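The values are calculated or read from the model by the stated rules, or taken from the named source; none is laboratory data. These numbers were taken from a predicted model, which means no experiment stands behind them. We place every Cβ from the backbone using ideal geometry, glycine too, and count neighbours over all the protein chains shown. Heads up: the accessible areas ignore ligands, DNA and RNA and are worked out on the full protein's heavy atoms, side chains in. Shrake-Rupley method; radii C 1.70, N 1.55, O 1.52, S 1.80 Å.
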Amino acid sequence: MASKASITKRGIDVESIKKDFPILGTSMNGKRLVYLDSAATSQKPIQVIDAISNYYKTFNANIHRGIYKISEQATEEYTASKVKLAKFIGAKSYQEIVYVRNTTEAINLAALSWGGANIKNGDHILITQMEHHSNIVPWQMLAQRTGAVLDYVMLNEDKSAIDESSLEEQLSKNPKIFAVSHASNVLGTINDVKKITRMTHEHGGIVLVDGAQSAPHMPVNVSEIGCDFFALSGHKMLGPTGIGALYGKRELLDSMEPIFGGGDMIRSVGFQDHTWNELPWKFEAGTSNIEGGIGMSAAIDYLNGIGMESIRKHEMELTRYAMEKLGSIAGLKVYGPDAKHIKNRGGVISFSIKGAHPHDVAQIFDENGIAIRAGHHCAMPLVEDVLGVGAVSRMSFYIYNDEKDVDAAVKAIGEVKRIFKLN
Ligand SMILES: Cc1ncc(COP(=O)(O)O)c(C=O)c1O
């Protein structure tokens, strides 16, 4: 859990949080590492690293199999991690939490299992123009297999949010499912998924929320949202790579068939047939990512120790600070909601500098010890077709970032301008 010192009257105490992240004490290219790429993956606190190491050192064993002490302990800790995650996102029980590798696998599981059984030729599947490839390709594959139609909700004129009239127009086609990101990894836009869910339900469809960029950064309550599925990745929320989750309403998961068969997902097996295990295990064939579950547990403890409300507030303030600084730089364009709409955006800032390629920008940042991302950010339809650029640079914040990190980024932009002789 984050130390008590992490929360002060002023908000979260970034200086003491930084100390929990060993990597932030290192340097890159001889400069203090400034990590501004948490939308890609977050750094890990020592509490998570230690929890994983402690598992291997003291109770490494397979789960659900042994009747000896350390196997029982591993089983208990793995299940406890699901109980914790269920509470963290407001699910009703751990039976609604299927552990998978990441958000991508969670969405594919829903598309293959639920989609495979429910989507037929001519049905409508709805997504938006701001989706990550993870929330596009599985639906394209499903549509191609079944003959369903894949529709897109367009973005508004300034390309910062979903266009309301396009939303209504697409919902009037009564899509069977609307798969929508909670927060965009390019624009930073936070979608009103509660309203979207209500509207989609009124049209008889179900909703999958891609929570890869929301669960790590803001309070999430799937029961309040009312969504039918919710996908997330552990590695973006201080946990290890290789663990993620698909939340599904219990009745929905109960009605679905597993996509993988093997050990652990069965109740009984005969020579010709088998019966399935209960939820959530029927979707988890083979040995699970036990260290992943244990790391996830420690990550949730750490986030809860700070508080998701405080994290959201901190990121909002830091984003506001960054947007103000960036807004005064000539030739710099920020994508997504503007500074006046800070409540509608997360701590992801994509930008471009007139006269400098985003990859060159990222390289100059790198030389200055600053990790940012450049490219299409796995959202080619959005970046190339909607924004009309080949690539953008992106900085993204988390609990261990502060104004000093933003100032370092602004200084690096000055370097870019100096090198490329831009005004
Ligand atoms: C909005 C969004 N959805 C899905 C993903 C895919 O996450 P993962 O690679 O962990 O499956 C990402 C990753 O960046 C993302 O930002």
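Couple of notes before you dig in:
- Helical contribution to [θ] at 222 nm, DSSP H n ≥ 4, -39,500 (n - 2.57), averaged over the chain, rounded to 500: -10500 deg cm²/dmol
- Computed with a 1.4 Å probe on the full set of protein chains, the accessible area for TYR247 sits at about 10 Å².
- Against the criterion of solvent-accessible heavy-atom surface with a 1.4 angstrom probe, ARG418, ARG32, ARG394 sort, most first, into ARG418, ARG32, ARG394.
- In the context of the full set of protein chains, residues of the chain present 42 Å² of accessible surface per residue (probe radius 1.4 Å, heavy atoms only).
- Per-selection Kirkwood Rh - the chain (Cα, Å, 1 d.p.): 22.4
- Applying 1/(1 + (r/R0)^6) with r as the Cβ-Cβ distance of ASP264 and LYS333 and R0 = 60 angstrom yields a FRET efficiency of 0.75.
- Model label sites at HIS359 and TRP276, defined 7 Å from Cα along the beta-carbon direction, differ in position by 4.5 nm.
- The chain - percent of accessible surface contributed by carbon and sulfur, probe 1.4 Å: 52
- Simple spin-label estimate for GLN144 and GLU415 in nanometres, 7 Å along Cα-Cβ: 4.2
- For the pair region 23-51 and region 391-414, the centres of their Cα atoms are 14 angstrom apart.
- Sorting 352-359, 173-180, 191-198 by their mean Cβ neighbour count within 10 Å, with the most densely packed peptide first, gives 173-180, 191-198, 352-359.
- Model label zone, ASN423; criterion: amide N under 13 Å from point 7 Å along Cα-to-beta-carbon; scope region 307-347: 330-331
- Additional length obtainable on full extension of the chain from LYS120 to HIS133, 0.36 nm per residue less Cα span: 2.4 nm
- Calculated FRET efficiency for the pair SER53/GLU367, C-beta based, R₀ 35 Å, to 0.05: 0.60
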